1. All but one of (1) over 19 Å from R75 (Cβ atoms); (2) among the charged types (D, E, K, R); (3) open to solvent by 70 Å² or more (accessible area, probe 1.4 Å); (4) without any contact (Cβ under 8 Å) to a residue 24 or more places away in the chain hold for E3; state the number of the condition that does not hold.
2. When you scan segment 241-258, how many residues do you find that are among the aliphatic types (A, V, I, L, M) and within 30 Å of D147 (Cβ to Cβ)?
3. Does F247 satisfy being of a type in the set (F, W, Y), buried (at least 16 other Cβ atoms within 10 Å of the Cβ) and not in a strand (DSSP E or B)?
4. Being at pLDDT below 95, in a loop (DSSP other than H, G, I, E, B) and either open to solvent by 50 Å² or more (accessible area, probe 1.4 Å) or of a type in the set (G, A, S) (or both) is the filter here, so list the residues in segment 178-199 that pass it.
5. Among the numbered criteria (1) modelled with pLDDT under 95; (2) open to solvent by less than 60 Å² (accessible area, probe 1.4 Å); (3) not basic (K, R), which single criterion is violated by S252?
6. Could you identify the single residue in G52, G115, G70 that is farther than 30 Å from F191 by Cα and surrounded by 12 or more Cβ atoms within 10 Å (Cβ to Cβ)?
7. Hand me the list of strands (runs of 3 or more DSSP E) wholly inside segment 1-112 holding 2 or more residues that are closer than 28 Å to V220 by Cβ and out of contact with any Pro (no Cβ under 9 Å at 6 or more places or on another chain).
8. Mind checking whether some residue in segment 75-82 is open to solvent by 40 Å² or more (accessible area, probe 1.4 Å), over 24 Å from the mean Cα position of the chain (by Cα) and among the hydroxyl-bearing types (S, T, Y)?
Amino acid sequence: YGETVTAIHSETVTRPLAVFGAGGTRERIRLPLFEYIHLRVGRDAQDRPLQGFPDGAITFRRDEAGAVTGVRVRRGTRIRAGQPIGTLNRLNHVHLVAGLPGHEFNALAVLKLPGLIDTTPPTIESVKVEESSGGRRVIVRAFDQVDGNPKYRRLGLYRLGYRLLRADGSPAPGYENPRYTIVFDRLPRDFEAVKFVYAAGSQSGYQGVTIFDYIVTNQVGGGNAKESFLEAEGPGELRLQILAEDFFGNQSKREILVKD
C-alpha cells in the first residue's frame, strides 16, 4: 500500500481524459500502449501530488472533505520509463493492460519483468464431458501459478488443448498432433467472446475461490473466437488427453476415458 508505481515504457498522453475512476479501487490511467490499473494517479498515499510531472501537467478535483474525485493529465504530457506515475491503492498491486484498445495482447510477449521466474506447471483440477444441443463439450478446471506464489493465488493459463488416443496410446484419426484450441495471445475484440472461453461457474474477484472452467473444445486465439465440439471417429473407448500450459512452456497433462 502506498508503494510508488513507475512507468515501464516512455509514452505521450494522447487522450483528453486519460484517467478513469479517480478515487476508486479501479482508478487507472490509459496511455497509447499501456494502461495501469489500481493506483492513485499522480499522488502519494496521502493524496499529495507526486514530484516529476511538469507544472500544470496534472490537476486534481476534490470534494468538500478534500478527497480526490477527479484527475486530469494534460494531453501531450510526456511520461518517461521509470518515472513515478502514482502509488498503489489498497488493492496493493497493479494490473497492466498491453496493446491498443481493442487490440490487447499478452504483455509477457514483449516485457521481460525482472525477478520473474516460473518453473511451476499448471494444476488441472478436473476434466468433464458435457452433452449439449450442438454436440459434446469438454470443460477443464485448471489454474496456474508462478514460483513463489502463495497457495491461494490462482492465475489463468496461457494455452490449452486436447487430443484423442486409442487404448494403446496411439493417436486417433485426425489427432496426430494436439489441437491447441485456447491461446491467450491476443484478445478477441468482441467482449461477448468470454462465453466461448469460460463455462458457467467460473469466477475471479477479491473474495471467494478463483475458478477457471475452460471450454477446451471451443476455439479462441489470434483475436478470434467460435464455438466448436468434440470430434471423434470410430466406435469404442478413447482416451481424451488434456494439455494445459503457461506462457513459459510448463505443461501438465490429464486423461479421461470417453466413449464414441
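1. Going through (1) over 19 Å from R75 (Cβ atoms); (2) among the charged types (D, E, K, R); (3) open to solvent by 70 Å² or more (accessible area, probe 1.4 Å); (4) without any contact (Cβ under 8 Å) to a residue 24 or more places away in the chain one by one, E3 breaks only (4).
2. Matching residues across segment 241-258 total 4.
3. yes
4. D185, L187, R189, D190
5. It fails just one condition, (1).
6. When all the criteria are applied, what remains is G52.
7. Result: 34-37, 95-98.
8. For segment 75-82, residues open to solvent by 40 Å² or more (accessible area, probe 1.4 Å), over 24 Å from the mean Cα position of the chain (by Cα) and among the hydroxyl-bearing types (S, T, Y): absent.
The values are calculated or read from the model by the stated rules, or taken from the named source; none is laboratory data. It should be emphasised that the depicted structure is a prediction, and the values quoted were computed from it without experimental measurement. Note: ideal-geometry Cβ built from the backbone for every residue, glycine included; neighbour counts use all protein chains shown. Protein only, heavy atoms only, side chains kept; ligands, DNA and RNA dropped before computing areas. Shrake-Rupley method; radii C 1.70, N 1.55, O 1.52, S 1.80 Å.
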